1. Place a +1 charge on the Cβ of each Lys and Arg in segment 88-150 and a -1 charge on the Cβ of each Asp and Glu, then give the dipole magnitude about the Cα centre in debye, rounded to the nearest 20.
2. Could you tell me how many degrees, from 0 to 90 and to the nearest 10, lie between the Cα long axis of helix 230-258 and the main elongation axis, the longest principal axis, of the Cα atoms of the chain?
3. Give, to the nearest whole percent, the P(r) tail of the chain beyond 22 angstrom, counting all Cα pairs.
4. Treat every Asp and Glu Cβ in segment 56-194 as -1 and every Lys and Arg Cβ as +1, leave all other atoms uncharged, and give the resulting dipole magnitude about the Cα centre to the nearest 20 debye.
5. Beyond a 32 Å Cα-Cα separation, which of these cross-linked pairs lie in this structure: LYS46/LYS131; LYS11/LYS222; LYS131/LYS212; LYS11/LYS248; LYS11/LYS110?
6. How large is the charge dipole for segment 25-128, taken about the Cα centre, if only the Cβ atoms of Lys, Arg (+1) and Asp, Glu (-1) carry charge, to the nearest 20 debye?
7. Can you list residues whose amide H is under 5 Å from ALA214's amide H, if they're 5+ apart or on another chain and H is modeled 1.01 Å from N?
8. Compute the long axis of helix 165-182 from its Cα atoms, compare it with the longest principal axis of the Cα atoms of the chain, and write down the angle in degrees, 0 to 90, nearest 10.
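The values are calculated or read from the model by the stated rules, or taken from the named source; none is laboratory data. In this text, all values refer to a predicted model and were calculated from it rather than measured experimentally. Backbone-built Cβ (ideal geometry, glycine too); neighbour counts: all protein chains shown. Calculation scope for accessible area: heavy atoms of the full protein, side chains included, ligands and nucleic acids excluded. Shrake-Rupley method; radii C 1.70, N 1.55, O 1.52, S 1.80 Å.
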Amino acid sequence: MRRLSANNIEKYFLQEQQRMSALGPLDLEISPGEFICILGESGCGKSTFLRILAGLEIPTAGNVSMDDRPITGPDYRRAVVFQNPALLPWLTVQENISLGFKIRGERVPKDLVQQTIQLVGIDGFEKAKPKTLSGGMAQRAAIARALVSNPDVLLMDEPFGALDALTRMRMQEALIDIWNRHRVTIVFITHDIDEALVLASRIVVMTPRPGKIARVFDVSQKRSRARSDAEFLKMRACIADELVQSFKESREFEWGRMA
Ligand SMILES: Nc1ncnc2c1ncn2[C@@H]1O[C@H](COP(=O)(O)OP(=O)(O)OP(=O)(O)O)[C@@H](O)[C@H]1O
Ligand SMILES: [Mg+2]
């Protein structure tokens, strides 16, 4: 369990020799053991923000910290699951999942590796190479690789986006179970309002690029949350309205600038 803080962060990229503002300014405090979901339109800077929290990207302005220590690079205590599985093609599923232990020169806990493979439902494919897996199975292997090191923070970038609806719901339940048991701090990006409402303790809605925080919703209902529940449906409508509203405001701003 770790506390993450983003203080007034901004990120600019160079695109065709122009400075392009991708993110911020943005402030966010994430308490230890919180489960945060981030929603926002494509290109608003969600992955950029997650990469900054992971230490894979340095903000142009502002700073990020974990337990008051500046984040200056990647750390295995902050595991990342990317939008694509990013498995090493020459290693088997089992070897990919065990890789972190090998890199750190630690003994591979074979039982734990096997339990994690079972948890994500790809048992029977331990010796398979990534190219022989379906997209959803490869993504589940990537999730197992992140979980197996028992990280303090899980940074997940649309991890279930490529999964079929049933597997996706099963993975959501599995993730809630992991979070309930270990109270790992989770930052989870999704495009799916229902997914955010099923999972999160807090939902952060971002504005279109450069992504700022449009609004934060507290989700206090107990898990497991029924998607047909009146409170669930009410919040879903509020979040959809917020997304549409912040989209409209940003377009009016763009058009105003062009006029
Ligand atoms: N390495 C980079 N170099 C230049 N521009 C970048 C780079 N990474 C991201 N960008 C730009 O920054 C903006 C935000 O990108 P980002 O990937 O964070 O968006 P996103 O919200 O994750 O989108 P999506 O929902 O489609 O995944 C985009 O306009 C993108 O083109
Ligand atoms: Mg992204």
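1. Details: 9 positive and 5 negative charges, 36 e Å.
My answer is approximately 180 debye.
2. 50 degrees
3. Working: 19058 of 33411 pairs.
Here the tail beyond 22 Å accounts for 57 percent of pairs.
4. On the way: 16 positive and 17 negative charges, 108 e Å.
Dipole of segment 56-194, to the nearest 20 debye: 520 debye.
5. Values: LYS46/LYS131 28 Å; LYS11/LYS222 36 Å; LYS131/LYS212 38 Å; LYS11/LYS248 23 Å; LYS11/LYS110 41 Å.
Cα-Cα > 32 Å for LYS11/LYS222; LYS131/LYS212; LYS11/LYS110; rest within.
6. Working: 10 positive and 13 negative charges, 82 e Å.
My answer is approximately 400 debye.
7. So ALA214 has HN proximity to VAL205, MET206, THR207.
8. 80 degrees
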